[in-house]
Structures are given as structure tokens and as C-alpha cells.
Amino acid sequence: MSSPPAGAEFKNLVRSIHAHGKLHMAEVSAGRTPPAKHVLPSHISTAKVTDLPAEVREAFDVFVTGTQELVAENMDVAAAVQQFLKGDRTKSDVQDLIRKQAEKYRLGANDLFHVLTEKIIESGGAHPDQVDEIFAAFNEVNDFFTDRFDDVARFYRKLIENVSEQANQVSSFFQNLQKQIQDWRADNLG
């Protein structure tokens, strides 16, 4: 049985997940096929987030709260789309707004992941006996929230392509996304 990653190895593994997530989001945002999921080294165990040190759980909670706020900011797009349907905005105006919001969402998600990455690295240094579990939980969080980012990027692309067809789905899409995040929080953060 190999020993848990320590020090620089742990930092490199955490940063590789973060870099992979950023690449994934950039590729999806550009409409390209993202790279395959990041694969954990075989010696990494799994753990429930609730079994981790308090500061790790707190870092995840801050990340989730920030993500929920980021999703809520996207509800403004629903109002703009409704204005388009009423004839108060042009299609190109709404499409430009959607592109800007999609980029704002991507940058916001990157910022949140960066802060989380640094907190996870700090926590790994403070809890060397739990780095496997911290790393595995970070990877799980990264996978779940990168998938949610994919959902947003794909939805925005569909909305840009056909604003009229997707217009009535904007509010329900983001409400559903908020519910998925709330459910994840309840299941994983307790």
C-alpha cells in the first residue's frame, strides 16, 4: 500500500485537478469536446465530505455558496429574454448579453475554483494524515461542479442559437440548477 501524497505531490495533484477543470470549462465554453474526466491515482481512497476536517468542509461550503450566487446572477438573462419576446430588445442585443453572461459565469466559476484549490492545499498541509480523503473529495466536488458548468455552457449555446425556442426555459433551467446544487449540498455537506 502506498503512502498518501504529501507536500509538493499533494499540491501538484490538487493543482492538476484545478488546471484540468479550467481546461474543461474553456473547451466546453468554446463549443469543443472537453478532455476526459481527470482520473485519480489508484492509491487515492474516497471519503465523505462530512468526514473531513472542519476547514475543508467550510471551504467546500463557501465554494457552494459562491456557486449558488453565481447561478442566481444568471436569472437576469430570463428578464432580458422576456423583453426580447415582447419586442423591447433585439435578438442580437440579447445574444450579446447571453455571451457576456456566459463569459462572466465562466470567469466566476474559475475564480471560485481557484480559491477552493488554495484552501484545499492549505488544508492538506494542516492535515497530512487525511490528504487522500481531501484530494478525493476535492476531485468529486470538481467533477460535480464542472458538470454543472457544462450544463450552463450548453444551455447558453442553445439559447444563443435560438432565443425564441429556448426563451421559456431560462428560469426553469436555472431554478433546476440551483436545486441540483442545493441537493448536492444537503447530501454532501450535511
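The values are calculated or read from the model by the stated rules, or taken from the named source; none is laboratory data. Only a predicted model underlies this, so the values are computations on that prediction, with no experimental measurement involved. Cβ placement follows ideal geometry from the backbone for every residue including glycine, while neighbour counts extend to all protein chains displayed. Note: accessible area is taken over every heavy atom of the protein model, side chains too, but ligands, DNA and RNA are not part of it. Shrake-Rupley method; radii C 1.70, N 1.55, O 1.52, S 1.80 Å.
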Handout entry: T65 versus K158: modelled label distance in nm, points set 7 Å from Cα along the beta carbon direction
Key = 3.2 nm
Exercise for the section: Could you give the C-alpha radius of gyration of region 44-190 expressed as a fraction of 2.2 N^0.38 Å, taking N as the number of residues it contains? Expected result: 1.21
Practice task
Run the numbers on region 98-185 and let me know its relative contact order in percent, using alpha-carbon pairs under 8 Å that are six or more apart.
Solution key: 36 percent
Exercise for the section: Could you tell me whether region 138-182 comes out rounded, prolate or oblate from its Cα gyration tensor? Rule is a ≥ b ≥ c as square roots of the eigenvalues, rounded for a/c under 1.5, then prolate if a/b exceeds b/c, otherwise oblate. Expected result: oblate
Exercise for the section: Just the number, please: carbon plus sulfur as a percent of the accessible area of the chain, 1.4 Å probe, no ligands or DNA/RNA counted. Expected result: 50 percent
Problem - Cut-off 14 Å between beta-carbons: net charge of the residues surrounding V163, Lys and Arg +1, Asp and Glu -1 - result: +1
Fill in the blank from the handout: Rounded to one decimal in nm, the spacing of the 7 Å Cα→Cβ label points at D183 and Q83 is 3.3 nm
Exercise for the section: Return the aspartates and glutamates within reach of K37: Cα separation strictly under 16 angstrom, same-chain partners fewer than 8 residues apart disregarded; answer none if there are no such residues. Expected result: E27, E140, D143, D147, D150, D151
Problem - Reachable lysines, given that their alpha-carbon falls under 23 Å from the alpha-carbon of K158 and they are not under 8 places away in the same chain - result: K22, K86, K91, K100, K104, K179
Practice task
Just add up the charged neighbours of T117: K/R +1, D/E -1, any other residue whose Cβ is under 11 Å from the Cβ of T117.
Solution key: +1
Fill in the blank from the handout: Residue-normalised 222 nm signal for the chain, counting each DSSP H run of n ≥ 4 as -39,500 (n - 2.57), nearest 500 deg cm²/dmol, is -26000 deg cm²/dmol
